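What follows is calculated from the coordinates using simple rules that are stated; it is not laboratory data. In this text, all values refer to a predicted model and were calculated from it rather than measured experimentally. Ideal geometry is used to build each Cβ from the backbone, glycine not excepted, and the neighbour counts take in all protein chains shown.
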Amino acid sequence: MTVIEVKNLSKSFGKVRAVEDLNFSVEKGEIFGFLGPNGAGKTTTIRCIMDFVKPTSGEIKLLDRNANINSHCLKNKIGYLPGNVKLYESWSGSDHFSLLEAISGKSNNLSMLVEKLDFNPGMKAYQLSSGNRQKLGLIMALMHEPEILIMDEPTVGLDPLLQNTIYDILEDLRSKGTSIFMSSHNLPEVERLCNRVGIIKDGKMIAQESIDNLRSKRIHRITINFNDKFAIQDFVFDSVEVVETFPDRIVLSTKGDINPLIKKLSNYEIQDISIEHASLEEVFLEFYAKDKTQKEDKCGQ
């Protein structure tokens, strides 16, 4: 079931086009990562989905309803964690919870979240550290058991222990069917949590991939030490590049499935083999480089 559907979304501020012709969807029970550097259009897209700003053109559906017409009916079904949590500074956490409970009529997750995040609800907002402000924001986004959770850079600036606690909560929510849309430029976070990602650059979606597909595009650098002579031509085939050769050693670069290479190696007596995996960040940067090359080619034509 599709819970978020964005079609041909564009948003301009005066002469500045913040997002252009975006198309993507989020399915029930998945975590969709929205990747891109600062200024790429991630926050503008989220603000359009939340109906904080109206799109210049295009359509957004949440739970099969037009988000910009039915936003008042959808608020109780959505949890929202902004990049910069806004609070009533003189209010305690409990005051914030009481307000939201009065609005939504639900607080089923409240006790569990307060306990898991080790949050003190009696403290005033102005007394909270940045990490505790983020905890309060997350509790407020989730206390009413939303069907959809939308987050803008949810763990930026947080310590690793708190990040891992939040990851555990999000993974538990996904297992229970909650759909999560999160912007991020924290690639290890995206790799751990997300089922699929959309990569945005200069307001345009340049790629959409499952995490499994992204992993398959990784480049492997493989160093092989032989006990006897080897034939270089045995290692020249699709997706494999010879980087360096030595009398008893060869260094290869290969993308994707390395099983064909392993079969070739079965013909040799191997002394040692080491495999280095490219990070998801390198795959991400490759998409950006590819997009830049395509633009330059078009300009040249």
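Let me spell out the model: positive unit charges on the Cβ of Lys and Arg, negative unit charges on the Cβ of Asp and Glu, origin at the Cα centre of the range 171-247. What dipole size does that give, in debye rounded to 20?
Details: 11 positive and 12 negative charges, 68 e Å.
Approximately 320 debye in magnitude.
Compute the signed sum of charges (Lys and Arg +1, Asp and Glu -1) over the other residues within less than 14 Å, Cβ to Cβ, of Cys73.
On the way: positive: Lys61, Arg65, Lys75, Lys77; negative: Asp51, Asp64, Glu147.
The answer is +1.
Measure up Lys86/Lys124; Lys54/Lys124; Lys42/Lys86; Lys86/Lys201; Lys7/Lys201 against 22 Å on the Cα-Cα distance and list the ones that go over.
Numbers: Lys86/Lys124 13 Å; Lys54/Lys124 34 Å; Lys42/Lys86 19 Å; Lys86/Lys201 27 Å; Lys7/Lys201 17 Å.
Distance filter (> 22 Å) returns Lys54/Lys124; Lys86/Lys201.
Based only on other Cβ atoms within 10 Å, what is the fewest-to-most ordering of Asp202, Asp159, Asp51? Before the final figure, lay out the partial values.
On the way: Asp202 16, Asp159 11, Asp51 20.
In increasing order of surrounding Cβ atoms, one gets Asp159, Asp202, Asp51.
Please report the relative contact order for the range 126-247, taking Cα pairs under 8 Å with a sequence separation of at least 6, and give it as a percent rounded to a whole number. Spell out each step's value before the answer.
Numbers: 72 pairs, mean separation 20.6, N = 122.
Relative contact order, the range 126-247: 17 percent.
Expressed in nm to one decimal, what extension gain is obtained for the pair Glu241 and Asp212 from 0.36 nm per residue of sequence separation less their Cα-Cα distance? Write out the running numbers ahead of the final one.
Working: separation 29, 0.36 × 29 = 10.44 nm, distance 2.28 nm.
Here the answer is 8.2 nm.
Within straight cross-link reach of Lys106, meaning Cα distance under 18 Å, which lysines are found once same-chain residues fewer than 8 apart are removed?
Correct list for Lys106: Lys75, Lys77, Lys176.
Cut-off is 10 Å between beta-carbons; in what order do Cys73, Cys194 appear when sorted fewest neighbours first?
On the way: Cys73 11, Cys194 24.
Lowest to highest Cβ neighbour count: Cys73, Cys194.
Give the angle, between 0 and 90 degrees and rounded to the nearest 10, that separates the Cα long axis of helix 130-142 from the longest principal axis of the Cα atoms of the chain.
70 degrees
Counting only other residues whose beta carbon sits under 14 Å from that of Thr155, what net charge do I get with K and R as +1, D and E as -1? Before the final figure, lay out each step's value.
On the way: positive: Arg133, Lys135, Arg192; negative: Asp152, Glu153, Asp159, Asp168, Glu171, Glu189, Glu191.
So the environment of Thr155 carries a net charge of -4.
Tell me which lysines have Cα within less than 20 Å of Lys255's Cα, excluding those fewer than 8 residues away on the same chain?
Lys217, Lys263, Lys264, Lys290
Using +1 at the Cβ of each Lys and Arg and -1 at the Cβ of each Asp and Glu in the chain, identify which of Gly36, Ser253, Val16 lies farthest towards the dipole's positive end.
The one lying farthest along the dipole's positive direction is Val16.
Using the Cβ atoms and a cut-off under 12 Å, what net charge is assigned to the surroundings of Gln127, where Lys and Arg are +1 and Asp and Glu are -1?
On the way: positive: Lys124, Arg133; negative: Glu89.
That sum, taken over residues with Cβ under 12 Å, equals +1.
Relative contact order for the chain using alpha-carbon pairs under 8 Å, separation at least 6, rounded to a whole percent?
Details: 524 pairs, mean separation 59.3, N = 301.
Relative contact order comes out at 20 percent.
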